[in-house]
Structures are given as structure tokens and as C-alpha cells.
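Below: the structure, in C-alpha cells.
The values are calculated or read from the model by the stated rules, or taken from the named source; none is laboratory data. If you're wondering where the values come from, they're calculated on a predicted model, not measured in any experiment. Neighbour counts run over all protein chains shown; Cβ positions are idealised from the backbone, glycine included. When the accessible area is computed, the model is the full protein with side chains, heavy atoms only, and any ligands, DNA or RNA have been set aside. Shrake-Rupley method; radii C 1.70, N 1.55, O 1.52, S 1.80 Å.
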Amino acid sequence: MIRIVIAEDQRMLLGALGSLLSLEDDMEVVGKASNGTEAINLVHQHNPDVCIMDIEMPEKSGLEAAEELKGLACKVIILTTFARSGYFQRALKAGVSGYLLKDSPSEELASSIRGVMAGRRVYAPELMDDLYSENPLTEREKAVLELVADGKNTKEIAQELSIKTGTVRNYISTILDKLEVKNRIEAITQSKEKGWFK
């Protein structure tokens, strides 16, 4: 019997997932949590085989909980609406066994759990494309963008990197072109989502 803990802050979805998995002959839901802290406590309490975790939850996010559970026997599967590569990269670093999207067919969840129990890693195909998308920026452009993200203005960036303000403006314009975005905010957002910042 595969013993499962589910962590999901939307009560209706938590109930639905519990009912769905309880219908499987080889699965038993041993705990339900509505946030990351509860999920960690339930994993320590019940020692399940698998913990299915949403990302955006109160108190502790699913990613923070997964990072804390790393190294335990319990395998973590992230189940989220967010196909963001930054989240995916962080989940991979936390050693999760699966990363699935909530709009996947319901039967996929049970087969993914069985796959993970058999030692496979199960990731949503749409995320695999992003994983291999490389950061097009040069080291100097990355440094400029990170300083922009830190809230520094053109003059401060110029001073920090010992270059002219005109050169900083040129770098920023090149960054926007390469990332195909309209402004600095979009450039920062995209880089965060793709997990490009250190």
C-alpha cells in the first residue's frame, strides 16, 4: 500500500485529491495538510511514502517544505498551477521526485505516484523545454541586470562596475533586446522565473 500525505491550501481541491487517490486499490491517504508547516509535521508523524504538495501555501510554501524534507525516505511530488521554470529549478534542487501541473488528467496523478515509487522521476513535459533554455546574457549583462534588480540606478551601477553611465544604458538596452521584453521590470521578472539569478 502506498501511503500518501497531501498538502493543498484550497480545501475543495484537498478533499477532491484525497477522494480520488483513495479510490486506487494500492493507495491510502494518511494525512491532509493546508500549509507547508502542517505537511512537514504530518510527514514526520505518519512517515508516508509520498507527499503531494502545492507550491503557494500559507506559512511555508511547498518548495520550502520540500527543501526541509530533502533526505527523508518520503518522496515529494509538487502539484501546482505554476509552470514557472524558476520554481521548477528550485524544486529540482530540493530533490523532488515529481513536478506535475494541476491541469493534467486526473489518472496521470496515480500513474505518476506509481512511477515515482518505482524510482522514476516524473516532470510535466512543458517544463522540460524551459529547463534547457539558456540565459542569453553575457556575464557583464547579468551583473548589470542583478544590480538593476537590487534597485540600483544607472549612476550607481556605473560606479559599482567602474563604467560610464552611457555604457550602462547600452547594456540595459541590449538586455531588453535579448530577452525580448519592453522594460527593466519585465527583464527582472523573466530572469527570476527562469531561475537565472544567483
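Data table
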read-out	value
The chain: angle of helix 106-117 to the longest principal axis, Cα-based, in degrees nearest 10	90
Computed over region 84-154, Kirkwood Rh from alpha-carbon pairs, angstrom	14.7
Accessible surface, per residue, of the chain when the full set of protein chains is kept, probe 1.4 Å, Å²	53
Difference of contour (0.36 nm per residue) and Cα-Cα distance, E59 to E146	28.5 nm
Ellipsoid semi-axes in whole angstrom, largest first, where each is sqrt(5λ) of the Cα gyration tensor of region 47-198	38, 15, 12
Efficiency of FRET between K70 and E28 - r from beta-carbon atoms, R0 30 angstrom, step 0.05	0.80
Distance between modelled label sites at K93 and N47, nm, 7 Å Cα→Cβ extension	3.1
Loop-resident sites, region 92-198, for chymotrypsin sites (Phe, Trp or Tyr not before Pro), counting at most 16 other Cβ within 10 Å (DSSP)	Y132, F197
Max mean-square fluctuation residue, GNM over the chain, Cα-Cα springs under 10 Å, options I55, I113, I175	I175
Amide proton proximity set for K75, modelled H, under 5 Å, gap of 5+	V50, C51
Mean residue ellipticity (222 nm) of the chain, computed from DSSP H runs ≥ 4 via -39,500 (n - 2.57), nearest 500	-15500 deg cm²/dmol
The chain: angle of helix 139-149 to the longest principal axis, Cα-based, in degrees nearest 10	80
Percent RCO, i.e. relative contact order, over the chain, from Cα pairs under 8 Å lying at least 6 residues apart	15
Calculated FRET efficiency for the pair F197/S19, C-beta based, R₀ 35 Å, to 0.05	0.30
Selection of GluC sites (Glu not before Pro), region 109-189, meeting DSSP coil and at most 15 other Cβ within 10 Å	E134, E180
Tilt relative to the chain, helix 11-22 - C-alpha long axis, 0 to 90 degrees, to 10	50
